[in-house]
1. So how much accessible area does residue 17 have, in Å² to the nearest 10, using a 1.4 Å probe?
2. Could you identify which residue out of 157, 102, 143 has the top mean-square fluctuation in a GNM of the chain using Cα springs shorter than 10 Å?
3. At 1.4 Å probe size, what's the solvent-accessible area of residue 89? Round to the nearest 10 Å².
4. So which of 63/102; 63/138; 24/102; 8/63; 8/33 end up more than 27 Å apart, counting from Cα to Cα?
5. Two decimals is fine: what is log10 I(q)/I(0) at q = 0.11, 0.16, 0.19 Å⁻¹ for the chain, from a Debye sum with one equal scatterer on every Cα and no solvent?
6. Per-residue HN-Hα couplings for the stretch 89-101, Karplus 6.51 cos²θ - 1.76 cosθ + 1.60 at θ = phi - 60°, whole Hz, x for Gly and Pro?
7. If you count only protein heavy atoms and use a 1.4 Å probe, how large is the accessible surface of residue 30, to the nearest 10 Å²?
8. Over the chain, what is the relative contact order in percent, taking alpha-carbon pairs closer than 8 angstrom and at least six residues apart?
Amino acid sequence: RQKIMEVKIVENILPPRVNLDIIKYLANNCYWKVGCEQGYSRIEMLTQKKVYAGLSFDSTYMKEHEWLNACAYLVSEQIKNSLNINLNVSRFFWNMYYPGHKTLSHIDDQSNEAISFIYNLSTTDGGTIINNKFYPDKAGEAKVFKSNIYHSGVGPKLDPCRFNLNVVFK
């Protein structure tokens, strides 16, 4: 049984240069989609919910993104080792937010055993709201929490862009 009950912070996971290289890769090699959640289609998110939930990219099963997935795997293993988590990765989900973007409050998985983390590639004035508490972005830091806890991403106000990795362990 996993022992994550509240938000845990794991710091200094990857060096700043590697984080910057990941951002460069994401900016130049990935096909981003409009974010959608909780059963809404992308067009519904844009037209009916009046929320722009940023952009997302799922690299989980994409062999052409081996380098990106290797980076996500390293982050995941660092977190598993730091917090003694004995679960497998379910997905590698990348997010990009511009100023004004915000996701709806949502869960990643309904299981009480699943664990999520948000890994920040850079420090911005955006962040993540987990269980109604705001956690600002800090480069190289992950926020780890149970996947069935409500959370949402908040785009930056002053910074030009926010990138993060969201992984679910099952």
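The values are calculated or read from the model by the stated rules, or taken from the named source; none is laboratory data. Owing to the predicted nature of the structure, the values given are computational and were not obtained by experimental measurement. What goes into the accessible areas is simple: the full protein's heavy atoms, side chains included, and nothing from ligands, DNA or RNA. Shrake-Rupley method; radii C 1.70, N 1.55, O 1.52, S 1.80 Å.
1. In the full protein context, residue 17 sits at about 150 Å².
2. 157
3. 50 Å²
4. As for pairs spanning more than 27 Å Cα to Cα, those are 63/102; 63/138; 8/63; 8/33.
5. Here log10 of I(q) over I(0) equals -0.41, -0.91, -1.34.
6. 5, 9, 7, 10, 10, 9, 10, 9, 10, 9, x, x, 7
7. 20 Å²
8. That works out to 30 percent.
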